[in-house]
Amino acid sequence: MATIMTVDDTATMRQMVSFTLHSVGHEVLQASDGKEGLALAKSKKFDLVIADVNMPNMDGITLVRSLRALPEYKFIPILLLTTESQDSKRQEGKDAGATGWIVKPFNPEQLINVVRKVLG
Amino acid sequence: MAIDIRQFHQTFFDESHEGLVSMESALLQIEQGLSTALPNQATTSDPEVLNTIFRVVHSIKGGAGTFGFGWVTDFSHLLETLLDDVRAGHRQVDRPIAGLLLRAVDCLQILLASARSGSSVDPAVIEEVTAELEALHLTPVPAMGIDLAATGAVAGKAGTWRIRFIPKANLFFSGNDPLRVLRELSTLGKLHVETDMGRLPPWAELDPEICYLGWTLELSGNVTRDAITEVFSWIADDCELEIQSIQDQSVAPKAASATAGDSDADQAKARGTSIRVSTHKMDTLVDIVGELVITQTILNQTVAQFGPDSGQRLNAGLAQLERNLRQLQENVMRIRMLPIGFVFNRLPRLVRDISQQLGKQVELKISGEGTELDKTVIERISDPLLHMVRNSLDHGIETPQERRAAGKPEIACIRIDASQRGGHVIVEIEDDGRGLDQDKILKRAVERGLVAANTKLSAEQIAELVFLPGFTTADSVSDLSGRGVGLDVVRNNIYSLGGNIDVRTQAGHGTHFTIRLPLTLAILDGLGVQVGSQTYILPLTSITESMALAPEQIRRLPGGEEIFQFRQEYAPLIRLRRVFGGTPGADDINTGIVVVVEANGRRAGLLVDDLLGQQQIVIKSLESHYRRVDGISAATILGDGTVALILDVGGLVGAVSAPLLNLNSTQSAAVNRPASQSSSPVRALH
């Protein structure tokens, strides 16, 4: 189905996203921070990027901005993982060009639903 | 489709633990910075250090929330709030806060351990820290106030809606798509769509990246306003949106949308830079590689018996196979290797807590933490290492007053270093404390009957005494050390790993322990020896040298034991054939070879028929395949497919000889004595 990149500095979250989306047939590649994610995005075309906000080396907001600057990622959906209390981050993310957000904590079913909504 | 999220628990616990370890060291780093700064000087902590701490807590909170570990979520939320204040510059990390944060780390460890194993938690400990954390905020923020299952849930009135939806021109640039919204709405109920093309420019002026269209929609069914708002939530700021109720409708049940998808339990492929591998899987791989090594040896032997011409090509291929195998082996072994930092990073906290408790000032210098060791070795060296550092703090390091009086800097230094040398890793633990008190050690050893009253020992030999069972110089049993677990246990642990430990000390200047550990426990460099029809393997590290002896060089003691002189000492002779059975008589000292081995500080000569050469062998447990046999540590499979037993040199030598130390204590007398008379070593040997 689709090729999806999950960018998160916690392996737990990467594994969960990866396993969940893999189980419904998507190919999922992982990156552990924004810098790695950006490099990976340049080496391969993804249909969807799901990124955490808080990460070392390059945070999620900067990643969104950097990805949007690439012609191939101009219109690709990019979702940010935010917590309930991060309203300001959500706005920052939108301003940077994020498509939307997923509120943490979420369960696998919620994730699948959001991804289906985005990918159609 | 049901995904059992419990499968991610292990990763979460492992990761949280690692996170807390790095958080702890970051906090210690901050505390260190505080102690060097002037008391009333505000210290500006490195923002990256604070960010690291924050991320750890944030991740734990997120994971705990996902998995429903409520207590962990609440506690880490409280902690996160404090850290947020600090990060925003509203609060400084001073000594009390650093101390509180360290205790909070302990609390999280306890709570996570409890979530992991279901063990009970003493609530008092957690509540105390919780109260202190709460006291820092005037109004504690409730953790995770919103139940996520309720997000986008049914609220408000159901009915038919008219929706005017006019996206802004730049909608596409955020990766959004109005079609996605329409599709989503159509899943909520019956959707009637009218497209407004009024803004569409002439074809020539059309920019395909701009959104010109707008829609008027009619949605009927059991739909609430909130459900509709939810659909537009991502683009609420990127469009003009009007949602009007047309008429109320009665609530009709709506079928839950079924989620298709195969629940194939395929493990998601981890493609990141690191991977967490279960030890069991690794062990299997190591086993397989072991088998491959054996197969290769078998092939080698087959070729050796071929004709000279046919063998050449096979040989080339085999050389290749050998190279590949070696690479494979090295790489697979490497997966089991962990940096020794896993153990070292527990030390700063230990040193901080104990030195505070004892009123001592200690600087801990750690180097070589990237040195890698087999996971099993790491696990089993951890406690001995902590114990030795504790020992050093308790016994070795003086109080600041004592140090000043002795003309030493008040801040003592403990240096820990690890480095790889050949197939071994050397771990050094050095302090600049008072050193071992030789007179006290000797006195205590005599009191305990460990050495004879008038024995004369060299400084090294006295230092060795601290490794004897039941030895302690502590005047009183303290909370920290001297509780019966002594250096003998430390040494036994190290021996059981195939390593050894040495101590050097200088009164008034400090003590220096050197631990030598094997890189791995799965592969061994061994020497094959022939005893009768059997082949035995001697670990290469235990061999001192091999020699031929004449019968007259062997002396028989009244008990029947045989000894021989080796480098100014006497060592017992062990005739392996007699130990393991087999036809006696053939073990002729004239034709046999004596291999001098050393283990646990004791030496002995092993009489064997022949030396078969050195080889790398894969260790197979004898206990798991057969049962424990005295004098044998494990087994291996040789090139011809036969089983060879690996000798337990420590056990063999221990069974016949006393420690070298006692032997040495009488050595001057024994060596000078005429060869025929040898009664004094008897005492020494037993």
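General observations
- Taking a point 7 Å from the Cα of residue B:642 along the Cα-to-Cβ direction, the residues of region B:515-539 with backbone N closer than 20 Å to it are B:526-539.
- Measuring r between the beta carbons of residue B:471 and residue B:495 and using R0 = 22 Å, the FRET efficiency lands at 0.85.
- Pairs from A:89/B:375; A:44/B:61; A:42/A:94; A:45/B:375; A:42/B:61; A:94/B:61 whose Cα-Cα separation, in the structure shown, is over 30 Å: A:89/B:375; A:44/B:61; A:45/B:375; A:42/B:61
- Coil-residue trypsin sites (Lys or Arg not before Pro) of region B:548-644, DSSP, other Cβ within 10 Å capped at 14: B:567, B:627, B:628
- Once the C-beta distance of residue B:169 and residue B:48 is scaled by a Förster radius of 35 Å, the resulting FRET efficiency is 0.30 to the nearest 0.05.
- Here the relative contact order of chain A, from alpha carbon pairs under 8 Å that lie six or more residues apart, stands at 24 percent.
- Near-label residues of region B:354-390 by backbone N, under 11 Å of a point 7 Å along Cα→Cβ of residue B:411: B:361-365
- Extension gain, residue B:207 back to residue B:443 (0.36 nm per residue minus Cα-Cα distance, nm): 75.4 nm
- Note on residue B:557/residue B:452: beta-carbon distance plugged into 1/(1 + (r/R0)^6) with R0 of 22 Å gives a FRET efficiency of 0.70.
- Within region A:68-100, the trypsin sites (Lys or Arg not before Pro) that combine a DSSP coil assignment with at most 15 other C-beta atoms in a 10 angstrom radius are A:74.
- You can think of it this way: the chain between residue B:567 and residue B:629 has 19.2 nm of extra reach, that is 0.36 nm per residue less the Cα-Cα gap.
- Whichever lysines have a C-alpha closer than 23 Å to that of residue B:190, once near sequence neighbours (fewer than 8 apart) are set aside: A:117, B:157, B:254
- Gain upon complete extension [residue B:357, residue B:506; 0.36 nm per residue less C-alpha separation]: 51.0 nm
- Cut-off 17 Å (backbone N to label point 7 Å along Cα→Cβ of residue B:324), residues of region B:281-298: B:288-298
- Over all pairs of different C-alpha atoms, chain A has a mean inverse distance whose reciprocal, the Kirkwood radius, equals 13.8 Å.
- Where labels lie 7 Å past Cα in the beta-carbon direction, separation of residue B:550 and residue B:379 in nm: 5.4 nm
Read-outs: derived from the displayed coordinates by stated rules, not from any lab. Note that the structure is a prediction, hence the values are computed from the model and not measured. Every residue, glycine among them, receives a Cβ derived from its backbone with ideal geometry; neighbour counts consider all protein chains shown.
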